[in-house]
Each structure stands twice: as C-alpha cells, then as structure tokens.
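Asker: Here you go, one structure.
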Amino acid sequence: MCALRSLRACIVVLACCLVAVPSAQEAAEAARTRSFDQLLDLYVRNGDVYYRAIKSERGKLDSYVAQLASVPVERLPRDEQVAFWLNAYNAIVLRTVAEHYPIQGRSQEYPSKSIRQIAGAFERLTHRVGGRTVTLDQIEQTILPAFNDPRVYFALGRGAVGSGRLRSEAFTGARLEEQLADVAGECVTRAQCISINRESGKVGASSIFSWREKEFSAAYAGKAPETLASRSPIERAVMAFVLPHLLATEKEFVAKNTFQIVYTPFDWTLNDLSGRGGN
C-alpha cells in the first residue's frame, strides 16, 4: 500500500512538472515581450517610428533581438509562436533601419529614403532567431504561412508607409486574436490597404494581397458572397477580407459586382517620424 501511494505521489509530481515547463517558457516569453512592448509604446505613433531616437538609444532593442536567438519557439503554444515571429520580424526591421539611419539611397527603383535602399535587407541579411538562421523574407514566406492566418501579413511592419500599421504594442499569445482582428479591421481605414471609388468603379487593393495570393485565396475566397462567384479566387478573397468592415453604401456597391480590382503599387517610403528618412 505504501509503495502504491509513493508511486501515485511520484506520478502527481511528474505531471505537475510537465505542466509547469510550458508555463515557465510562456512566462519567460512574456517578460521578453514586455521589453519590446515598452519600446514600441515609446517610439511608435500611428504606425510611424522615431528612428532617430531608436538609433541613439539602441540598447533595449539590441538586447531584445539578441534574446530571440535561443528561444525554443516550437515548445510554445500556437498563438505564442505567431506572436513571437511577428514581434521578431518587426524588431529586426527596426534594428535594420536603425543600423543604416539616416537612409539616403541612390537606387532609382525605390524612394531615396526607404528600407529597400539597404542592400539585401529582406532577402540576404541573416538573423539568429528561435535557434535558426533566417532572413526577413524567410520569416514571411516559409515560417508564417504554416499558421494559416493571412492576417499576419498586414501585421508585419516592413518599415514602409505601404505596410499594415505598425502597432504601438507587441503581439502576445493571450491577445493575438483580438490584435489580428484589429489589424484586419484597420484595412478599410487605410487607403494603402483598400480604397473604393464608386465613381470610377474601381477598388484599389494593397499589393500585399497579390504577394500572398495563395494564402488569402485559401482562407477567404470561400467566404465571399454568392454574388461574387464569377470572380477569381483572389478577388473573392480580397472582398471577403474587407466586406465585414465596409460602410453600407460600399457594401451595396460591391454587391452589384461591376467593379474592377486594381492593385495599388506598394509605397516603400520609410515610415519615419523623424523626418521621412533623416532630414
């Protein structure tokens, strides 16, 4: 009987330990996230950034990014993982710009004050995150798609005016659904994301929809109203994404199904509050 009680006690202790491990990991991630949250609250206003101030006080940002290197992200719950990668991407963008600020590029392909003037910023510069070496493009194109939620692509602050609005707070697992719902709802309030011109019969849509056509089509095309059944999957997806947030008159316009969708050229101008690039 004593041996049986001892065995039961060991099982209970072991079970408690197993439960405590992810809780400890989540607590550590929450502590890291708080430091980034404070940085965003201090330096980000309505999606724009005080890059000059970040450059002059980079200690907290560098410390946060350094901590991301060894985080066992796969052991975190799903929403915590999504929040982790969104915060990592946004923090790396901030650090990349700060390292090269003020930006005065010469490429005619992009605005002179643009993160795109930093050679290889997205596709070539590598960063140590979550135990692996990745580029910003790899986070967006190979890691985030696995979570099957295209709202995340408007949560990425690409260091540009044309991006989704960079939030003045970090993403957290506990509030992820609420935060991503806000991200989606904001789309119709920003011309860079969606614009409806009833006079011309055109709907302007962010290039982000076309960049991530596969993901948006898979998640939203089937949610479009039957009146749009003749449209392509990505067009149905775009309208399904924004329709719940449109005004009544705009919904009536969409229901007529006579509009043309045009993708708005992405504005790569730096989202800089210090003078649009360092002036």
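Asker: When you scan the range 158-166, do you find a residue that is crowded, with 20+ Cβ neighbours inside 10 Å and on the phi > 0 side of the Ramachandran plot, even just one?
Answerer: Yes, there is a match, as at least one residue in the range 158-166 is crowded, with 20+ Cβ neighbours inside 10 Å and on the phi > 0 side of the Ramachandran plot.
Okay, residues lined up against (1) touching a strand residue (DSSP E or B) at 6+ places or on another chain (Cβ under 8 Å); (2) within 28 Å of ASP37 (Cα to Cα):
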residue: ARG190; (1), (2): no, yes
residue: CYS193; (1), (2): yes, yes
residue: GLU199; (1), (2): no, no
residue: ILE208; (1), (2): no, yes
residue: LYS223; (1), (2): no, no
residue: ALA248; (1), (2): no, no
residue: PHE253; (1), (2): yes, no
residue: TYR263; (1), (2): yes, no
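Asker: For the range 117-135, name all the residues that are under 20 Å from VAL82 (Cβ atoms) and in contact with a His (Cβ under 8 Å, 6 or more places away or on another chain).
Answerer: Residues satisfying the conditions are VAL134, THR135.
Asker: Which residues, taken from the range 245-262, are in contact with a Gly (Cβ under 8 Å, 6 or more places away or on another chain) and of a type outside the set (A, V, I, L, M, F, W, C)?
Answerer: Residues satisfying the conditions are HIS245, THR258, GLN260.
Asker: Every residue in the range 55-71 that is under 20 Å from the mean Cα position of the chain (by Cα) and touching a residue at least 40 places away in the same chain (Cβ under 8 Å), please.
Answerer: Correct list: VAL65, LEU68, ALA69, VAL71.
Asker: Taking the criterion of being touching a residue at least 40 places away in the same chain (Cβ under 8 Å), part of a helix (DSSP H, G or I) and within 26 Å of PRO77 (Cα to Cα), would at least one residue in the range 153-163 satisfy it?
Answerer: So far as the range 153-163 goes, yes, one or more of its residues are touching a residue at least 40 places away in the same chain (Cβ under 8 Å), part of a helix (DSSP H, G or I) and within 26 Å of PRO77 (Cα to Cα).
Asker: For ALA119, work out the one condition from (1) surrounded by fewer than 20 Cβ atoms within 10 Å (Cβ to Cβ); (2) assigned to a helix (DSSP H, G or I) it doesn't fulfil.
Answerer: Status for ALA119: all satisfied but (2).
Asker: Go through (1) within 27 Å of ALA205 (Cβ to Cβ); (2) over 12 Å from the mean Cα position of the chain (by Cα); (3) among the small types (Gly, Ala, Ser) one by one and return the number of the condition SER163 breaks.
Answerer: (2)
Asker: Given the options ALA218, ALA255, name the one that is in the same structural domain as SER195 (by TED's automatic domain parsing), of a type in the set (A, V, I, L, M) and over 21 Å from the mean Cα position of the chain (by Cα).
Answerer: Being in the same structural domain as SER195 (by TED's automatic domain parsing), of a type in the set (A, V, I, L, M) and over 21 Å from the mean Cα position of the chain (by Cα) holds for just one of ALA218, ALA255, which is ALA255.
Asker: Working only within the range 122-147, note down all residues that are in contact (Cβ under 8 Å) with a residue 40 or more places away in the chain and either in a helix (DSSP H, G or I) or among the hydroxyl-bearing types (Ser, Thr, Tyr) (or both).
Answerer: Hits for the range 122-147 are LEU136, ILE139, GLU140, ILE143, LEU144, PRO145, PHE147.
The values are calculated or read from the model by the stated rules, or taken from the named source; none is laboratory data. Keep in mind it's a predicted model, so treat the numbers as computed, not measured. Note that we place each Cβ from the backbone using ideal geometry, even for glycine, and neighbour counts take in every protein chain shown.
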